[in-house]
There are 2 protein chains.
Amino acid sequence: MLTERQLLILQVIIDDFIHTAQPIGSRAISKKDDVTFSSATIRNEMADLEEMGYLEKTHSSSGRIPSEKGYRFYVDHLMSPFYLSVGDVKRIHNMFGDRMMEFERVVNKSAQVLSDLTNYTSIILGPEVFETELKQLQILPLNAHSAVAILVTNTGHVEHRSFSIPVGLDPQDLEKIVNILNEKLKGVPILQLNKKIESEVVDLLKKHTKDYQKAEQYIQAALFNEQPTKLYVSGKTNIMMQPEFKDIEKVRSLFSMIEEETQIAPILRSQAHGINVMIGKENEHEAMRDCSLITASYSLGQQHMGTIALLGPTRMEYSKVISLLNELSNQMSKTFKVWYQNS
Amino acid sequence: MLTERQLLILQVIIDDFIHTAQPIGSRAISKKDDVTFSSATIRNEMADLEEMGYLEKTHSSSGRIPSEKGYRFYVDHLMSPFYLSVGDVKRIHNMFGDRMMEFERVVNKSAQVLSDLTNYTSIILGPEVFETELKQLQILPLNAHSAVAILVTNTGHVEHRSFSIPVGLDPQDLEKIVNILNEKLKGVPILQLNKKIESEVVDLLKKHTKDYQKAEQYIQAALFNEQPTKLYVSGKTNIMMQPEFKDIEKVRSLFSMIEEETQIAPILRSQAHGINVMIGKENEHEAMRDCSLITASYSLGQQHMGTIALLGPTRMEYSKVISLLNELSNQMSKTFKVWYQNS
DNA sequence: TGTTAGCACTCACATCATCCGAGTGCTAAT
DNA sequence: ATTAGCACTCGGATGATGTGAGTGCTAACA
């Protein structure tokens, strides 16, 4: 549909615009090394490309800039693969080589490195706990009226929650409850905890404890406070360095969205596995009209765990970002496999 | 030193400027209810106030705005007490009334509410663990080569860390180590953990375990990964709504500072107990040149725990902010006392 | 002697005209 | 089919001009 020459021109324009953020004119294109034809020819071709919707003008006599359709075409067909520098790859690998094995830390660090390497904003959706299993439950009284409940999963994820001890609960019963819970719940997938408790634990509790009501209350407090998926964001200030975000109102609306977990988390969660690119208005959220969002998923075996994303202007270094995300998500998946697969 | 009339004029100017962010002229002042004298008189007085350094002009024929010295005087001598609305007080109290007793949550929520009530940015420095004691240490193997260490303090604070099990460490020894550590370290203040281990635990370990080297390594990994004090920030976008922050470069430098824990934490930590007000250049940090920072401390009994701060433009509602911070820090101290004092 | 009315003066800011140059579209020549 | 040439467009920079809010100063007044 597009001639070789048109492809070349489109590619030159996008590559250039990604780095300069300036409209590019026919004369400038004609000076590029691999362009052999004159500026007049280029003007004609550009007019055609504009008519087809791949290019835009900022005003009637300006140079051209890529349209969103142009970016989409670029990403799908035109983009040349980006070869990560040895240093960049090393930085990614190093995060996993360390003895620093805290899950949360690795993810957090990943977000930092990613925003650092790209100068965009990185957002990582922490692992969903769905398929993980309870490794151990512990309830530790702190004093007469408060205690802390600690829940460890087989992936090394730790949840803890302080709460008041229901007045009048027998300390003896406390211990019994914990023992019962541990015995019955160890190895149970987190998602099924609730069902399991109803089906097998409740009766036991009734039998062994004086005050079942209190105990029930107790368990509820300890286990079932909502625990939203963690979101790791890094490099928010990078956004403000992009020339397309000189306008503070734009930045503000974008920031509010990112800070609101309930806004951004579902967007990341709804992305398909693998690499996804959302360009400009392809993002349904108002504030992301002139941003692109690139997402990659990471997993534990077949099990999808979470999403890594980079947010930047539509004028984004797609090629580099995609390579980085690929590298990181592979590395994460690989590492987590080693850590947890055979647990 | 200042006449009654000058005090009145200074107060009117600051009160007005705090709300409008506009320079205020003699005519406007003369129209205020409690001002009885003419604009010409006011002009003379303003000229004097300017000479004394309490007021400034933005250009030679503009109205006056408060100088930093003016704000300082206002905060120290002029400010009328702010009576919090019943609703606001309720919102603060409610946070503590709930069964939601997670320490981190209360602090986090506090930051949110604070930024919400003021439209400034709130920063809370989480509790230092200095004087808290180790309640329990637990090491839980997840699989053949990784484990999670969990450390609980008497205040219900939980730290956890995943790490690799040194290759070749005998599982038998693992249990022994944990037992020894627990026996010897229970009740020891966190700060003295290291010393205590050296003085009492090391010898025991040498005696009871086959491979002391490995064990040492193990303990190091589990306990002494740096754990920076948590920082809770909320309402960053509020800054961008202030007219003095239309300039994106200003916002960016401020944001970078806030996001960098190593920058902002020491500043908060170094504040004296009670309420502190830092106006404009009184803040040594470059990016805070035209901000004010108001801090309040919260404590557990006599023991200082952490700092609550509000960051806004120098044109800040000092009176309201101080009242709110007072209310919150008192409430926090009071609540924590009930929770942990008699543990 | 303190207060006030009056007035000339200042300066930011908005508006408007002008100029410049990068870039286009179109036409005609190659 | 390509390209040189040229008239045209428009954003952005520069400068002149007017307006109005606000000042400082002087002189009159209580």
Worksheet item: Measuring label to label, 7 Å along Cα→Cβ, what does B:P171 give against each other copy in nm, shortest first?
Response: 3.4
Item to complete: Provide the net charge surrounding B:S234, with neighbours chosen by a C-beta distance below 11 Å and charges set as Lys +1, Arg +1, Asp -1, Glu -1.
Response: 0
Discussion item. Explain nothing, just the number: relative contact order of region B:134-223, from Cα pairs under 8 Å at least 6 residues apart, as a whole percent.
Written reply: 29 percent
Item to complete: With 26 Å as the limit, write out which pairs from B:K135/B:K206; A:K186/B:K207; B:K184/B:K206 have Cα-Cα distances beyond it, or answer none.
Response: A:K186/B:K207
Worksheet item: If you add up the charges near A:L125, with Lys and Arg at +1 and Asp and Glu at -1, over every other residue whose beta carbon is less than 12 angstrom from its beta carbon, what do you get?
Response: 0
Worksheet item: Under 5 Å between amide H atoms, partner at least 5 residues away or on a different chain: which partners does A:T155 have, H built in plane at 1.01 Å?
Response: A:E133
Fill in: Principal-axis tilt of helix B:171-185 within chain B, Cα atoms, nearest 10 degrees
50 degrees
Worksheet item: Got a sec to turn the phi values of region A:145-154 into Karplus ³J(HN,Hα) couplings, 6.51 cos²θ - 1.76 cosθ + 1.60 with θ = phi - 60°, whole Hz, x for Gly and Pro?
Response: 10, 9, 8, 10, 9, 10, 10, 10, 9, 5
Worksheet item: Which residues' amide hydrogens lie under 5 Å from the amide hydrogen of B:S292, considering only partners 5 or more residues apart or on another chain, with H built in the peptide plane?
Response: B:G280, B:G312, B:T314
Discussion item. With the label 7 angstrom out along Cα to Cβ, how close does A:E4 come to the same site in each of the other copies, in nm, nearest first?
Written reply: 9.4
Fill in: Nearest 10 degrees, 0 to 90: helix B:4-20 Cα axis against chain B principal axis
60 degrees
Worksheet item: Any idea which of A:N179, A:I248, A:V233 is furthest toward the positive side of the dipole for chain A, if Lys and Arg beta-carbons carry +1 and Asp and Glu beta-carbons -1?
Response: A:N179
Worksheet item: For the protein assembly as shown, rounded, prolate or oblate, judged on the Cα gyration tensor with a ≥ b ≥ c (square roots of eigenvalues), a/c < 1.5 rounded, else prolate if a/b > b/c?
Response: oblate
Worksheet item: Tell me, what is the 1.4 Å probe accessible area of A:S115, in Å² to the nearest 10?
Response: 10 Å²
Worksheet entry | Solvent-accessible surface (1.4 angstrom probe) belonging to B:K109, in square angstrom, nearest 10 | 90 Å²
Worksheet entry | Other protein chain Cβ atoms within 10 Å, averaged over every residue that makes up B:151-164 | 6
Worksheet item: Under a Cβ-Cβ cut-off of 9 Å, what is the net charge of the residues other than B:L151 that fall near it, where Lys and Arg count +1 and Asp and Glu count -1?
Response: +1
Fill in: Vicinal HN-Hα couplings computed from phi for region A:270-276 (Karplus, 6.51 cos²θ - 1.76 cosθ + 1.60; Hz; Gly/Pro x)
7, 6, 5, 5, x, 8, 10
Worksheet, complete the sentence: Given a Förster distance of 25 Å, the FRET efficiency implied by the Cβ-Cβ spacing of A:D170 and A:S199, rounded to the nearest 0.05, works out to 0.50
Worksheet entry | Average Cα contact separation per residue, chain A, under 8 Å, 6 or more apart, as relative contact order % | 18 percent
Discussion item. Through the Karplus equation 6.51 cos²θ - 1.76 cosθ + 1.60, θ set to phi - 60°, convert the phi angles of region B:160-170 into ³J(HN,Hα) values in whole Hz; use x for Gly and Pro.
Written reply: 9, 8, 8, 7, 7, 7, x, 4, x, 6, 6
Response to the item:
For the B:S38, A:Q22 Cβ pair and Förster radius 45 Å, calculated FRET efficiency rounded to 0.05 is 0.20
Worksheet item: Looking at region A:238-281, which trypsin sites (Lys or Arg not before Pro) are DSSP coil and have at most 15 other C-beta atoms within 10 Å of their C-beta?
Response: A:K246
Worksheet item: Can you give the angle from 0 to 90° between the axis of helix B:212-223 and the longest principal axis of chain B, with both taken from C-alpha atoms, to the nearest 10?
Response: 30 degrees
Worksheet item: Relative contact order for region A:4-78 using alpha-carbon pairs under 8 Å, separation at least 6, rounded to a whole percent?
Response: 34 percent
Item to complete: Compute the label-point distances linking B:H59 to its equivalents in the other copies; points lie 7 Å from Cα along Cα→Cβ; give nm, one decimal, shortest first.
Response: 2.6
Worksheet item: Once amide H atoms are built 1.01 Å from N in the peptide plane, which residues 5 or more positions from B:S299, or in another chain, come under 5 Å H to H?
Response: B:M305, B:S333
Practice prompt. Report A:Y232's accessible area, 1.4 Å probe, all protein chains in place, as a number in Å² to the nearest 10.
Written response: 20 Å²
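The values are calculated or read from the model by the stated rules, or taken from the named source; none is laboratory data. Computed from a predicted model, the values in this text were never measured in an experiment. Backbone-built Cβ (ideal geometry, glycine too); neighbour counts: all protein chains shown. Each accessible area value is taken on the protein alone, full model and side chains, heavy atoms only, with ligands, DNA and RNA left out. Shrake-Rupley method; radii C 1.70, N 1.55, O 1.52, S 1.80 Å.
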